[in-house]
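Each remark here refers to the structure printed beneath this line.
Values in this text are rule-based calculations from the coordinates and carry no lab data. Please read these numbers as outputs of a predicted model, since none were measured by experiment. When we count neighbours, we look across all protein chains shown, and the Cβ atoms used for this are built from the backbone with ideal geometry, even at glycine.
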Amino acid sequence: MMEHKLIAAGFGGQGVMLFGQMVAQAGMIEGKHVTWLPSYGPEMRGGTANCTVVVSDEPVASPVVDKPNEIAIFNIPSLLKFEPMLEENGILVLNTSMIDREPTRKDITIIRVPANEVADKLGTLKAQNMVMLGAYIEVAKTVSVESVFKALEAKMTGKKAQFLDVNKKAIEEGMKIARQQLG
Amino acid sequence: MGEKIMVKGTEAIGEAAIRAGCRVYFGYPITPQSELTEYMARRMPQVGGVFLQAESEVATVNMMYGASSVGARVMTSTSSPGFSLMQEGISYMACARLPGVFVDVVRGGPGLGDIQPSQGDYFQIVKGGGHGDYRLPVFSPSSLQEAVELTIHAFDVADKYRTPVVIFADGMMGQMMEPVEFPDPIDPSTLPSKDDWALTGAKGRKARYVTSFDIDPYKLEKMNLVLQETYKEIEKNEQKWEEFMTDDIEVLFVAHGTVGRIVKSAVKLARQKGIKAGLFRPISLYPFPYKRLSELAEKVDIVMTVEMSSGQMLEDVRLAVEGKAETPFYGRLAGVVPTPGEILEALMKELRR
């Protein structure tokens, strides 16, 4: 059985929730079972926003996860909180534009993504979450990029449709970075 | 059925109500269910329905009483302190035999509490927070698809037995997203007629009234006996539950709602350790499925209840188990959500005893 248990975490406003929603939506498009649970606990007061996404071949039992096997980390407080919780041999995708310290775990796969710089070069800093998303799907293989594009097209309609291309480009750049690091 | 779409729990319940033919919604905002009120504010005008934000929860429930007495499919949604304010009116509706669907998105309490998920309203919802001898059918969904199905079912049960019905949700269910498939909408004009009791205008027939009052105790007792007969029927016909991996159980968990699905993961973790655990998940909290739980209790030594409360459903579990097994409890309070790992640990502690 395939089951991805992902936590995406950062500051409010970094697009962490949308990151998670796109993974969940893409999973649904592929016919998988998915749940998306926003951070809705006392930890919100600490200043971090996070969401838990489960993508599975089987119906999802708990949308609450003790030990994620994948984490996408957008800021230092989230790294401190979630790195110790990561499952053995798990995957960590790190926004190095925001985080100037090294993870301490040695057993895990780490993808370092200068997401803000990459997004800035594309013309919009806001797309940094999509750079992270591209890197994440490349390393975790949770969903295909085609499904993520479809999810994005469903989400970005009306006035937001003009941002579709730059977001897709950001995802592709993120994938490239992960591919290079995976060798 | 349409295609699958990702929705929030609050939206799933709101849309399900509209597809069930509900065209009248009264509400008053309170976290964590304000998105449901907001959804109804947006959707009701689109389907030619009525959305009305009342001045308080007390007003809301009395508006429910009024709209229901003329035959409308009515709904409100609120969260714990708001539901407390509605209790007097709910008791009136129960006595007047008025259908209506209430959604309580339970949050941490007591008092003003907090805005995190909880199941601490079990006593209030299931045992009746209002006065007098009444019961309310209560359904506790554990996934958004089930929330859709139970919301529609709640309207049917409410109309069939002429009683208020409660959907027991919690803040987690309200905020999470999951794919759901909505059934095709019901045309409200095709719903079973309520002309035999509703106040539809007395032209051409004898006048009638809807009331929760009779000064003559013998007459009021008669009204009460009709209610009691109705509850007997409800207890006979409306029990719902799910059994998960219970074929070969050594240990049985009991949990409802979102905690029910979290416990499913704990069951799987326990089985990886070689402990034959299973889950009994009551879906109807009233009528509580005592008989089936009693049968399952005979197969095990431990029936462990898990709740986001201090052990309120636990009392019903013990009534069902009748001392046939140990009945330990694990609960988190005030809005803290238990994780599968914590639940497994609580079970291991019991097994080591």
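Excluding same-chain neighbours fewer than eight residues apart, the lysines reachable from A:LYS160 by a Cα-Cα span under 30 Å are A:LYS5, A:LYS32, A:LYS121, A:LYS126, A:LYS141, A:LYS150, A:LYS168, A:LYS169, A:LYS176, B:LYS4, B:LYS8. A full extension of the chain between B:GLU298 and B:ARG352 corresponds to an added length of 17.3 nm, given 0.36 nm per residue minus the alpha carbon distance. As a calculated quantity, the FRET efficiency between B:ALA202 and B:GLU88 at R0 = 35 Å, using C-beta atoms, amounts to about 0.80. Show which aspartates and glutamates lie in cross-link reach of B:LYS127 when reach means a straight Cα distance below 12 angstrom and same-chain residues fewer than eight apart are skipped. Qualifying aspartates and glutamates at Cα under 12 Å: B:GLU315, B:ASP316. Here the residues B:HIS256, B:HIS153, A:HIS33, ranked from fewest to most Cβ neighbours within 10 Å of their Cβ, fall in the order A:HIS33, B:HIS153, B:HIS256. Each residue of the range A:27-33 was assigned a 3J(HN,Hα) from its phi angle through the Karplus expression (A = 6.51, B = -1.76, C = 1.60, θ = phi - 60°), giving x, 4, 4, 7, x, 8, 8 Hz with x at Gly and Pro. Taking the Cα centre of the range A:3-182 as reference, the dipole from Cβ charges on Lys and Arg (+1) and Asp and Glu (-1) amounts to some 500 debye.
Out of every Cα-Cα pair that the range A:105-183 contains, those further apart than 14 angstrom amount to 60 percent.
In the range A:3-182, the convex hull through the Cα atoms has an average projected area of 9.7 nm², a quarter of its surface area. Loop-located GluC sites (Glu not before Pro) in the range B:45-92 (DSSP state not H, G, I, E or B) with no more than 14 neighbouring Cβ atoms inside 10 Å: B:GLU55.
Each residue of the range B:282-297 is assigned a 3J(HN,Hα), and the resulting list reads x, 9, 8, 8, 10, x, 6, x, 4, 5, 5, 5, 4, 4, 5, 4 Hz, derived from the Karplus form 6.51 cos²θ - 1.76 cosθ + 1.60 (θ = phi - 60°), x at Gly and Pro.
May I ask for the distance between the Cα centers of the range A:105-176 and the range B:103-159, given as a whole number of Å? Taking the Cα centre of the range B:103-159 as reference, the centre of the range A:105-176 is 40 Å away.
Note on chain B: Rg/Rh from Cα positions, Kirkwood definition for Rh, rounded to two decimals, is 0.99.
Charge dipole of the range A:66-120 (Cα centre as origin; +1 on each Lys and Arg Cβ, -1 on each Asp and Glu Cβ, all else neutral): 100 debye, rounded to the nearest 20.
Counts of other chain beta carbons within 10 angstrom of each beta carbon in peptide B:176-184 average 5. Partner shielding of A:54-64 amounts to 6, given as the average count of beta-carbon atoms from other chains within 10 Å of each residue beta-carbon. Shown in residue order for the range B:323-338 are the 3J(HN,Hα) couplings computed by the Karplus curve 6.51 cos²θ - 1.76 cosθ + 1.60 at θ = phi - 60°: x, 6, 8, 5, 10, x, 9, 10, x, 10, 10, 6, x, 7, 9, x Hz (x for Gly and Pro).
With R₀ fixed at 41 Å, the C-beta to C-beta distance from B:GLU229 to B:VAL47 puts the FRET efficiency at about 0.70.
The mean number of partner chain beta-carbon atoms within 10 angstrom of a residue's beta-carbon across peptide B:265-277 is 1.
Note on the range B:242-352: Cα convex hull, mean projected area over all directions, 6.1 nm². So if we plug the beta-carbon distance of B:ILE215 and B:ALA54 into 1/(1 + (r/R0)^6) with R0 = 30 Å, what FRET efficiency do we get, rounded to 0.05? Using R0 = 30 Å, I get an efficiency of 0.50.
Taking amide H positions as modeled 1.01 Å from N, with prolines and chain starts lacking one, the residues under 5 Å from B:VAL103 and 5 or more places away or on another chain are B:THR76, B:SER77, B:THR78, B:ILE167.
Cα centroids of the range B:190-213 and the range B:250-279: 49 Å apart.
Partner aspartates and glutamates whose Cα lies under 13 Å from the Cα of A:LYS159, excluding those fewer than 8 positions away in the same chain, are not found. Qualifying GluC sites (Glu not before Pro) in the range B:252-315, where qualification requires a DSSP coil assignment and no more than 12 other C-beta atoms within 10 Å, comprise B:GLU298. Under 5 Å between amide hydrogens, built in the peptide plane, is the criterion, and for A:THR96 it picks out A:VAL113, A:ALA115 among residues at least 5 positions away or on other chains. Annotation for the range B:145-181: GluC sites (Glu not before Pro) lying in DSSP loop with at most 16 further Cβ atoms inside 10 Å of their Cβ are B:GLU181. Using a Debye calculation, one point per C-alpha and no hydration shell, please list log10 I(q)/I(0) for the protein assembly as shown at q = 0.06, 0.12, 0.13 Å⁻¹ in order. With no solvent term, the Cα-only Debye profile gives -0.32, -1.13, -1.27. DSSP finds beta bridges in chain A, and of those with both partners inside it, around 55 percent are antiparallel. Rg/Rh, computed from the Cα trace of the range B:35-84 with Rh as the Kirkwood radius, has the value 0.96. GNM on chain B, alpha-carbon springs under 10 angstrom: the most fluctuating residue among B:ILE283, B:ILE186, B:ILE13 is B:ILE186.
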